[in-house]
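Colleague: Pasting a structure below so you can have a look.
Every number here is computed from the coordinates shown, using simple stated rules; none is lab data. This structure is a prediction, so every number in the text was calculated from the model and none was measured. Counting neighbours? That spans all protein chains shown, and the Cβs are built from the backbone with ideal geometry, glycine included.
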Amino acid sequence: MLNFSPKNLIVITGPSGVGKTTIAEELMKKYKDIRRLVTYTTRKKRKGEKDGRDYNFVTEKKFKEMLNAGELFERAEVYENFYGNSLKDLKKICEKNKYCLMILDIQGAETIKKEFPKSIGVFLTVDFEELAKRIKARGKMSRKDFETRQKIAKREMKKAKKFDYAVENKPGKIEEAVKKIEKLLKL
C-alpha cells in the first residue's frame, strides 16, 4: 500500500463503451468540487479527444521513463496500450478539491481498490447488445478486435460485484444514471 490516503476518491469503472467518460463529465459539470485525475496513456488520440483533458497522451518511451522513476502509482496494459496515473497529480487534486474522480478500466479500478480501500467504486453496466453497438460506433475496428472486446466485456461485466455500487447506464438515460450516482454518493 502507498503511504497516502486520498480523501473522497471516486472511481468510475466498467467495460469499454459503457459510458464512463460521459457520466464522469456530467458529474463534473454539476459539481465544481469534483476534479478528474487525468490518466497517462500511450494510446493514440481518438477524434475529438484533447491532450490533458481526456488523457495525457505520451510516447511509450516517456511512459516507461515515468514508470521507472516511480511517478506512476497505478498502471495497466489494455488493448496493447499502457495506462497509468501519477501520485503527484493525485495528491495535487486531493489538496485542492473535495472529490477526486478517476475513470478507469476494470483492471485499473481493481488496483485502486487494493491501494486505496476507502475509495468509492462505481461500476457502470449496460445491456450487452447496447454495449456492442457502442463499441462498434467508436470507429474502424477489425472483426477480430471487436470480438476480442466483446469477450473481454462479458468477462468484465461479472466483476461488478467487486465494487461498492453498480449503476446501469441505459441508452438515452444518462441523467437517470447520474442522479442514481449522486444519491449513492450523497452529493
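Colleague: Taking only complete DSSP H runs, can you tell me which helices of the chain stretch 15 Å or more along their own long axis by Cα positions and average at least 0.0 on the Kyte-Doolittle scale? Write out the running numbers ahead of the final one.
Modeller: Working: long enough: 20-30 (16 Å, -0.74); 143-157 (21 Å, -1.93); 174-185 (17 Å, 0.03).
Counting only whole DSSP H runs, the qualifying helices are 174-185.
Colleague: Only four residue types carry charge here, +1 at the Cβ of Lys and Arg and -1 at the Cβ of Asp and Glu. Report the dipole size of the chain about the Cα centre in Debye, rounded to the nearest 20. Present the calculation step by step, with values, prior to reporting the outcome.
Modeller: Values: 47 positive and 28 negative charges, 51 e Å.
Dipole magnitude for the chain comes out near 240 debye.
Colleague: Among 116, 106, 181, whose Cα lies farthest out toward the positive end of the dipole of the chain, if unit charges sit on the beta carbon of Lys, Arg (+1) and Asp, Glu (-1)?
Modeller: About the Cα centre, the residue reaching furthest to the positive side is 181.
Colleague: Using R₀ = 22 Å, calculate the FRET efficiency as 1/(1 + (r/R₀)^6) where r is the Cβ-Cβ separation of residue 8 and residue 81; round to 0.05. Provide the component values of the computation, followed by the final result.
Modeller: Numbers: r = 29 Å, r/R0 = 1.31.
Computed FRET efficiency for residue 8 and residue 81: 0.15.
Colleague: In segment 48-67, which residues have a backbone nitrogen under 20 Å from the label point lying 7 Å from residue 107's Cα in the Cα-to-Cβ direction?
Modeller: Backbone N within reach: 55-67.
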